[in-house]
Amino acid sequence: MPFKIAVLGAGSLFWSSTIIHDLCLTPEIKGSTIALMDIDKDRLDAIYRFAKRYSAEVKFDIKFLKTADRKEAIRDSDFVINTAMAGGHKYYEKMRAISEKNGYFRGINSVEWNMVSDYHTIWGYYQFKLATDIARDVEELSPQSWLLQLSNPVFELTTLIGREFRIKSVGICHGHLDYKDIVGSVGLNREETEAESIGLNHTIWMTRFRQGSEDAYPILREWMDKNYSSFHKGWLMTSRTNPLSVQMSPAMKDMYDEYGIAPIGDTVRSGTWKYHRNQRTKVKWYGALGGFDSAAGWKFYLDMEERNMSMINNALKNSEPLSYLFPSGLSDEPVVPIINALANDVRGTYQVNAINRGIFEGIHDDVAVETPSVIDVKGIHRSGGRRLPRKVMNFSILPRIQRMEWALEAFLDGGKETLLEWLMADPRTRTNKQAERVVDDLLKMDENRIMAKHFR
């Protein structure tokens, strides 16, 4: 059955091109309308041309619209996909530079269990404001629709929207798919391997790992004991050319040894200050460039994004085929299959973030948790009784929830003191004056005039 999907922040190349590819390979979505929305005209035009060309190339019946008007895109939609990042990467990099000048390596936003470069919480005022404005628009203009929250910080935003709005919403992330790196490295059969990872977005742990009917954790443990040293030598050689792959890094092994359970995906990028104190420390745990979230690793990622956008623009300009940009078949991204499950009852199990409501033991009901869930036309069905080892809860999950609550309080209540209190718990803060100076410098930015009023 045809329906309308709004993609907000459609100029985000990674998400939009992949979503368009998957939509055009999903027969049940035939005849639907996709409203592409972005305030960056050049990026919007590029992704619109890509969508039109690609759908024609694969001969798929689907209609694309483009608009800079968010309300127009949302009105009467069945699904609203939020991929937008308020301000963009350059804005956040400017705040990171100011923070580092004041002694906060990788920015005041980088804290234990939240070291991921684009996961903006305490300084993400505009991102929080945008997400709540979108939720309010959905509530007013399309109350029957599902809001799919893809842009970071998924944990904070899914929790905030779930608490403040009466709409159907779900947070989606692909980090759990990194368990496949473990499967490939250990030499298991991917088709026969099953894994379950649960926790909070970007803080998930593999609670079940099976090869057929056999528990695969002993296999992983034996492989780690016998083969990791030699494997690490080869991994280290590739870390310079691919700093984005850290699932099998020394940090992952160290966390596994410490907690007795494997961290998955972006969890490996986070951890405590043990792995992130300075660039030398990052290199020790994440390879030659210091991993995804060092200055060099993050530049690698941003440059890759620009190269990919240029590649698409050149293909469009030169009338080259676009299908070669993607593997055959659907991508591993769950966004379109989740839409298909909700709209057309194509039932399946997918990893999602949603308000707890008794699903996860030891976590309050109004906190968004990440678990595999069965999804169909009736909605999201999650089984209860999920739990993590006590040490993981006490040293990883509960501290991460506390940071989320601080970030939400800063956004909802404002006040400069909330920012200063955030920094009082930061080991990089040596004096009160240092904390006051970095907050003042951030709020003096021209881009932060509205944010400054909120916090002052």
Looking at the stretch 88-104, which of its residues are buried (at least 19 other Cβ atoms within 10 Å of the Cβ) and more than 13 Å from residue 442 (Cα to Cα)? none
Of these, 56, 46, 51, which one is outside the structural domain of residue 281 (by TED's automatic domain parsing), small (Gly, Ala, Ser) and touching a strand residue (DSSP E or B) at 6+ places or on another chain (Cβ under 7 Å)? 51
Under 9 Å between Cβ atoms, which residue pairs at least 6 apart in sequence (or on different chains) link something in the stretch 252-266 that is within 13 Å of residue 396 (Cβ to Cβ) with a partner that is crowded, with 16+ Cβ neighbours inside 10 Å and among the acidic types (Asp, Glu)? 264/178; 266/178
Expected output for the stretch 442-456 (first residue within 20 Å of residue 100 (Cβ to Cβ), partner surrounded by 14 or more Cβ atoms within 10 Å (Cβ to Cβ), Cβ below 6 Å, 6+ apart or cross-chain) is 442/95; 442/98; 443/452; 447/91; 451/125
Among the residues in the stretch 16-32, are any under 30 Å from residue 123 (Cβ atoms) and not in a helix (DSSP H, G or I)? no
Answer with yes or no whether residue 67 is at pLDDT 95 or above, under 25 Å from residue 147 (Cβ atoms), surrounded by fewer than 22 Cβ atoms within 10 Å (Cβ to Cβ) and among the β-branched types (Val, Ile, Thr). yes
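Picking from 343, 368, which residue would you name as being in contact (Cβ under 8 Å) with a residue 60 or more places away in the chain, closer than 18 Å to residue 147 by Cα, touching a helix residue (DSSP H, G or I) at 6+ places or on another chain (Cβ under 7 Å) and among the hydrophobic types (A, V, I, L, M, F, W, C)?
368
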Determine whether the stretch 301-308 contains at least one residue that is surrounded by 15 or more Cβ atoms within 10 Å (Cβ to Cβ), out of contact with any helix residue (DSSP H, G or I) (no Cβ under 7 Å at 6 or more places or on another chain) and at pLDDT 95 or above. no
Only listed residue being over 24 Å from residue 426 (Cβ atoms) and in a strand (DSSP E or B), chosen from 307, 210: 210
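Yes/no per residue for (1) farther than 24 Å from residue 296 by Cβ; (2) in contact with a Phe, Trp or Tyr (Cβ under 9 Å, 6 or more places away or on another chain); (3) among the polar types (S, T, N, Q):
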{"site": "84", "(1), (2), (3)": "yes, no, no"}
{"site": "132", "(1), (2), (3)": "yes, yes, yes"}
{"site": "135", "(1), (2), (3)": "yes, yes, no"}
{"site": "157", "(1), (2), (3)": "yes, yes, no"}
Among 185, 197, 213, the single one that is among the polar types (S, T, N, Q) and exposed (fewer than 13 other Cβ atoms within 10 Å of the Cβ) is 213
What is the number of the single condition among (1) part of a helix (DSSP H, G or I); (2) more than 17 Å from the chain's Cα centre (by Cα); (3) under 30 Å from residue 247 (Cβ atoms); (4) not acidic (Asp, Glu) that residue 107 does not meet? (1)
Taking the residues in the stretch 400-429 that are closer than 17 Å to residue 112 by Cα and β-branched (Val, Ile, Thr) as candidates, determine which candidate is nearest to the chain's Cα centre (by Cα). 401
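Okay, residues lined up against (1) outside the structural domain of residue 366 (by TED's automatic domain parsing); (2) more than 28 Å from residue 410 (Cα to Cα):
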position: 117; (1), (2): yes, no
position: 139; (1), (2): no, no
position: 142; (1), (2): no, yes
position: 151; (1), (2): no, no
position: 184; (1), (2): yes, yes
position: 196; (1), (2): yes, yes
Looking for whichever is over 22 Å from residue 372 (Cα atoms), modelled with pLDDT of 95 or more and either of a type outside the set (D, E, K, R) or buried (at least 20 other Cβ atoms within 10 Å of the Cβ) (or both) here; the options are 263, 243, 250. Which one fits? 250
Any idea which of 448, 340, 394 is surrounded by fewer than 19 Cβ atoms within 10 Å (Cβ to Cβ) and outside any loop (DSSP other than H, G, I, E, B)? 394
For residues that are over 10 Å from residue 82 (Cβ atoms), in a helix (DSSP H, G or I) and free of Cβ contacts under 8 Å to residues at least 40 places away in the same chain, tally how many sit in the stretch 134-164. 4
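The values are calculated or read from the model by the stated rules, or taken from the named source; none is laboratory data. All figures in this text were calculated on a predicted structure; none of them were measured in a lab. Positions of Cβ are generated from backbone atoms using ideal geometry, with glycine treated the same way; all protein chains shown enter the neighbour counts.
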